Every structure is written in structure tokens, then in C-alpha cells.
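Chemist: After the C-alpha cells below, expect a handful of questions from me.
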Amino acid sequence: MYGVVRVLVYTAGPAQLRGLAGLVAALGASEAFALTPGREDEVAQHAYGVFNRVYRVDAERLTPGQLAELLEGLYAEHQPDLVVGPAVKDGVDAGSRLAARQSLPMFTEAVSVELFDGGLRVRRQVLGGRAMAVLESGLPALVTVKPQLWEEKAPSETGAEISTVKPPAALVEEESWEPKKREAVDLESAEVVVGVGRGFRRKEDLAMAEELARLLGGVVGASRPIVADYGWLSEDRWIGISGKKIRPKLYIAIGISGTPQHMAATMDSKVIVAINKDKNAPIFQYADYGVVADLYKFLPVLIEKLKEKLGK
Amino acid sequence: MGRYGASPSLHGTLWQPLGAVEGSVAIGGVLPSMPLNIAVLVKASLDPNMIRTGSDGGVDAAATPLAISEYDKNAVEAAVQLKEKHGGRVVAVSALTWGPSARKRKELEQVIREALAMGVDEAHIIIDDALIPGDPLLTARAVTALLQKLGGFDLIITGEASMDMISGQIGGRVAALMGLPFISYARSLEVDAGAGVVRAVRDLEESLQTVKAKMPAVVSVTGEANKPRIPTLLQIRRAMRKPVKTYSLSDLEVDSVAKPRLVEMKLIQVKRKNVIIEAETLEQAAEKLIEYLEQEGVLPK
């Protein structure tokens, strides 16, 4: 391959190790080290064999500043060719600090990562998700990726050696922390998503979308106004380039006009259905199947027909 | 360099305004005890809603207009609101990262005028062909050098990421290069001027985290932080008279470095079937739709 490739991986939590180990395996790294906060048992569960050593930080979570400081120490010790982190907010934050201190080029949320002789080639979405950029740089470099994209490539065997390290003091002090209100839906891995938009006039009417989703074994997501302006659904339901990106087999967009920010987050859907009463709505350009109809009249009919079809 | 780490009481004495400026920091005839010196980092981004492409589907950056990056508008709004509350000054800092520079510098100036019209007092911009196309490593170095040259900031505010390259690195890189605390993804922020502390709520994927840091500090804000004001015609006209100073990399004593190569940038084309279901009745339309979905194999078994 390309001689010795040494990789340093970091996470904001041990579950992310799975996908990142998958990427390490896919790259054929000759040596790999990982840094993660987390409980001993959780970390052990994700101490994949591709890692020569896993450094466990004895903390439930770290500030990005603490993560960056620990990373700097490991960077100096292992002199990696490539640093890989999770494309989550704390991961990008910590990565940008390490990249600045070590003068590394950094690529945020790469969707593909390839090594070639002495260099790195990544693809990443730019321009609100509407365009794909291909970038090349020399090594060493830093990339962040969505761990989910490489989970299938994750090696099954664990048992890497684990060292425990202490968290350093934080410059930015946490005063309080609260989990976001969520409704236990996982839009990002759902196979069927029913999206609701401003075509719905009242919160109670979303029940129709809920029923459709239930029939199809799916979940309900929403465009930005439903979440941010009306507050009818919690933020974890927001489908958009700054919200959740979905990749279902079937996406049914109801009463959604189809802004670029919304559509960029749905483009990995296998089949897109649009239901909208405005035949000129941009959503129809992005749809495989379109029904020009008033959702208040069409949804009850569709639900009835589906019940007949599915024998429910 | 600068007065980072120095006591906030030095404030005002080391601040060197660039030429005469209108207005006064005095509120109600009394100078506020702890006015804030704020720098806001503003990017002139390719406008994702105005993308021009060549025949091969490649984005034609030269022909695509620049606009103020969406979240940087929130940064400007946050800075101006803090100035209104605490007194002080807001300086915009920007770097041109798209070419050709002869044409694009005019678009950058428009972007800067917008920030000035929103209430920024003066602007400092870096124009140098070595920065084009932009890469966060060199851009952050140049911006840091300029911030240090200007000196004296209590807060440096920027958007969480630009709307064109969405790298989200500038805030973190600038903070790391200056050795300052960094608070990213703030959806609200407030300053306790007496204590010299900035407090913010960070908007993370699964949680909201309230944090505080000693000033000077760097903060990046999300689109939820505020609703950016729309300047009046009078403010736009007055913005024309506010000072804007331009720098090259050599003015800032920043050396150019090898940057990653932007090999290509193409519109993502997803082929969709675009079938509009035509039917006499809603029942028939529903049946046709169900038939298509069955053919696609996306209905539950």
C-alpha cells in the first residue's frame, strides 16, 4: 500500500469508536490509536482490534478544549499521518483547535476518505449540501466524518489495550447541562419518513401524518417552520441541512414546498413522494412521485386505501 | 501580542480607533463603566441560492455572487446587541477567499457595507491572491494576525460555519492560535462586564450546555441566536462613510503556505422519476400511488 500509515482517532463518546474503527480498517492503517471519554465497560466494548491502544479519559464527557488538549499530547507522542474525529459539533470544535496548533489541513464532514501516495483525497458536501467538492492535500491532515457511514466496515473483534488518562482542567467551564427534549425518534436511521410542512394548518392535524407513518412502519419528521416557528414538534424532528439528514427507503413529503436546505438533507432517500396542493411547488422537481392535491382531502383517502392494502 | 489576558480595565486606553467615527459610546451622557471591544468575523460566501455552473456541472465560483454568510449575520447581530447593551465598539474583520480578486473585492465590499449598516463601526479586510481559493488554515492565520495587529478585543464573534464551505473551523482555529477560550455553537450569549465573563448556551446535537469563560474569548453562534436586523436606508447610506481598511498578507507578515487543492466542485444531481400522478378521483390517485410504491418495494410486507 502506501507504506506506514499511522492514524490517531478521537471521539466525543465511545459509541462513535465503532464507525471510526471501520474507517481505520477501510484505510488499511498500519498503526492506530484512539482517544475517547467514557465509562470503563463502554470503552472496553468498543476497544476494536484495529487499535494498537485506546486511551480512555476518565470522564463521562469532555469539553472540546479538554479533548483538544489531550489530543495534542497524543499527537506529539505518536506523530500520526492522519487524525480522524467524529463530525459532531464537539468533534469539529476540538479538531479545529488541534489543526490550528499543529498547522494541519482539516476537512470537516468528509463523505469519502482515500489515501494515495503521500496524500489524502476527500469528498465533502458544500454550498448548503447542493454541491460536492473533491479536495486533495498532503499528510499529515485531519478529517471528521459521520461515524455511521463506516459502521458496516467495523471489525468485530475487540480487546485492544486500554490506558486510562485523567482529564485536564477546562478553560471553558460548564455550569449546567440538560438533555434536549426528544421524542425517541431516530430520523437518521428510519426506513420510512413522513415529512410535514407548512401545508398543515393546526398542530392536531399532524395526527394524520402520524397515522400514515405508523401504517408504513415509519416516523414523522418536519421542515424548519414546524419546528422553529410553530414549535409543534421537537428539534430532533427537523429535517434540514442544519437539522437531521435522512436516508430512508421512502420519504413522503406532505405540505412541504421543498427549499434547497430541506431537500439537501433528503437526497439520499431511495424514493421521494411529494403531496402538495401547489403544482408549482419546487418539491415536485425533487420527487419520484407527486400528487397535486389538498392534503386535508387526500391524506384520509390514502390512509384508508393503505389500510385496505396492508390488511390493517 | 495585544492585551490578551490583560485586565479589562485597560480598556479604551489601548484602543486605537481608525480615523474619525460617528456616534458616541456614551449612554445618557455617562460613559459606561465597561464598554466592550468586539470583533466580528464575517465571510463573503458563495451564495448557495445563486450558484452558476459551467457546462460540465462544475460550480463556476467566479460567476457565482458573494453574499454575507448566513450565520455571520447572526454574529453581527449578536455583536451589535452587546454593544447596544454595554457600550463599546464593533469591528468587522473579513478576508476575500474567492476570485478573481479584481471583481470579487467589490462583492466583498458590498458584504462589508451590509455589516456596517447593521451597526458595525468599522471594517478591516484582507485581500491577497494567496488566500484564494480559501483554506481555513491560512485564512485563520491571516485573520489572527489582523486581530492581533488591531488588538484589544474582549470578544471575537463569528458564525458557526460559512454557508459555502461549511467547514466551521475559523472560530476554533483563531481561538487556538491566540490561546483564548472558545465557545462554539452558542444559541444565546450574555456578558457579565463587571466580572469579565461571557456566558453562553451551546446548542449540541443531544443537549444544551450552559458554559462560561473569562474574556477575552472567541464565540461562534448558531442561526438560533437571534434574528438579524434589516438595516434602514439611512443606515445603509451612513455605512458608506464608515472606515474600511484593506491589508495584504505581507502587511500582516503572514507567509503563504501550501494549501489543499480544490480539485472540483460539482452540483449534486440526483435523478428522480418526476412522475406526477394524474387521476380522476382522489381514490384513484391513492391507488396509483400505492401501486408505484409496491413496485418500488418500499411498502411493508
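The values are calculated or read from the model by the stated rules, or taken from the named source; none is laboratory data. Because the structure is a prediction, the values reported are computed rather than measured. Backbone-built Cβ (ideal geometry, glycine too); neighbour counts: all protein chains shown.
Chemist: Looking only at residues in the range B:211-236 that are touching a helix residue (DSSP H, G or I) at 6+ places or on another chain (Cβ under 8 Å) and of a type in the set (D, E, K, R), which one is farthest from A:Arg97 (Cα to Cα)?
Modeler: Among them, the one singled out is B:Arg229.
Chemist: Testing A:Leu310 on (1) in contact (Cβ under 8 Å) with a residue 40 or more places away in the chain; (2) in contact with an Asp or Glu (Cβ under 9 Å, 6 or more places away or on another chain); (3) not polar (S, T, N, Q), one condition comes back false. Which one is that?
Modeler: Only one criterion in (1) in contact (Cβ under 8 Å) with a residue 40 or more places away in the chain; (2) in contact with an Asp or Glu (Cβ under 9 Å, 6 or more places away or on another chain); (3) not polar (S, T, N, Q) is unmet by A:Leu310, namely (2).
Chemist: May I ask you to list the residues in the range A:133-176 that are in a strand (DSSP E or B) and either in contact (Cβ under 8 Å) with a residue 40 or more places away in the chain or touching a Cys at 6+ places or on another chain (Cβ under 6 Å) (or both)? Before the answer, list the steps.
Modeler: Start the filter on the range A:133-176 by keeping residues that are in a strand (DSSP E or B), which leaves A:133-138, A:141-145, A:158, A:162-165, A:173-176.
Hits for the range A:133-176 are A:Ala141, A:Leu142, A:Val143, A:Thr144, A:Val145, A:Thr158, A:Ile162, A:Ser163, A:Thr164, A:Val165, A:Glu174.
Chemist: Given B:Arg229, B:Arg202, which one is in the same structural domain as B:Tyr185 (by TED's automatic domain parsing) and assigned to a strand (DSSP E or B)? Walk me through how you get there before you give the answer.
Modeler: On the way: B:Arg229 fails: assigned to a strand (DSSP E or B).
The match here is B:Arg202.
Chemist: Would you mind finding the one in A:Gly118, A:Gly138 that is modelled with pLDDT of 95 or more, touching a strand residue (DSSP E or B) at 6+ places or on another chain (Cβ under 7 Å) and over 30 Å from A:Val43 (Cα atoms)?
Modeler: Numbers: A:Gly118 fails: modelled with pLDDT of 95 or more.
It is A:Gly138.
Here's the yes/no breakdown for (1) crowded, with 17+ Cβ neighbours inside 10 Å; (2) of a type in the set (Gly, Ala, Ser):
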{"site": "A:Val126", "(1), (2)": "yes, no"}
{"site": "A:Glu136", "(1), (2)": "no, no"}
{"site": "A:Ala154", "(1), (2)": "yes, yes"}
{"site": "A:Glu157", "(1), (2)": "no, no"}
{"site": "A:Val172", "(1), (2)": "yes, no"}
{"site": "A:Glu175", "(1), (2)": "no, no"}
{"site": "A:Leu187", "(1), (2)": "yes, no"}
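Chemist: Is there a residue in the range B:271-281 that is outside the structural domain of B:Pro136 (by TED's automatic domain parsing), of a type in the set (Ser, Thr, Tyr) and under 26 Å from A:Asp268 (Cβ atoms)?
Modeler: No, there is no match, as no residue in the range B:271-281 is outside the structural domain of B:Pro136 (by TED's automatic domain parsing), of a type in the set (Ser, Thr, Tyr) and under 26 Å from A:Asp268 (Cβ atoms).
Chemist: (1) touching a helix residue (DSSP H, G or I) at 6+ places or on another chain (Cβ under 8 Å); (2) of a type outside the set (Phe, Trp, Tyr); (3) modelled with pLDDT under 90; (4) under 30 Å from A:Met208 (Cβ atoms): which one isn't true of A:Ala184, the others all being true?
Modeler: Status for A:Ala184: all satisfied but (1).
Chemist: A follow-up question, please. Scan the range B:271-301 residue by residue and report those that are part of a loop (DSSP other than H, G, I, E, B) and among the β-branched types (Val, Ile, Thr). Show your work before the answer.
Modeler: Step one: filter the range B:271-301 for residues part of a loop (DSSP other than H, G, I, E, B), giving B:271-274, B:277-281, B:297-301.
Hits for the range B:271-301 are B:Ile277, B:Thr281, B:Val298.
Chemist: Next question, about the same structure. Any idea which residue in the range B:259-270 is surrounded by the fewest Cβ atoms within 10 Å (Cβ to Cβ), counting only those that are part of a loop (DSSP other than H, G, I, E, B) and facing chain A (nearest Cβ under 7 Å)?
Modeler: First pass over the range B:259-270, keeping only residues part of a loop (DSSP other than H, G, I, E, B): B:259-260, B:268-270.
With facing chain A (nearest Cβ under 7 Å) added as a condition, the list becomes B:260, B:268, B:270.
Details: B:Pro260: 21, B:Ile268: 14, B:Val270: 12.
Within the range B:259-270, the match that is surrounded by the fewest Cβ atoms within 10 Å (Cβ to Cβ) is B:Val270.
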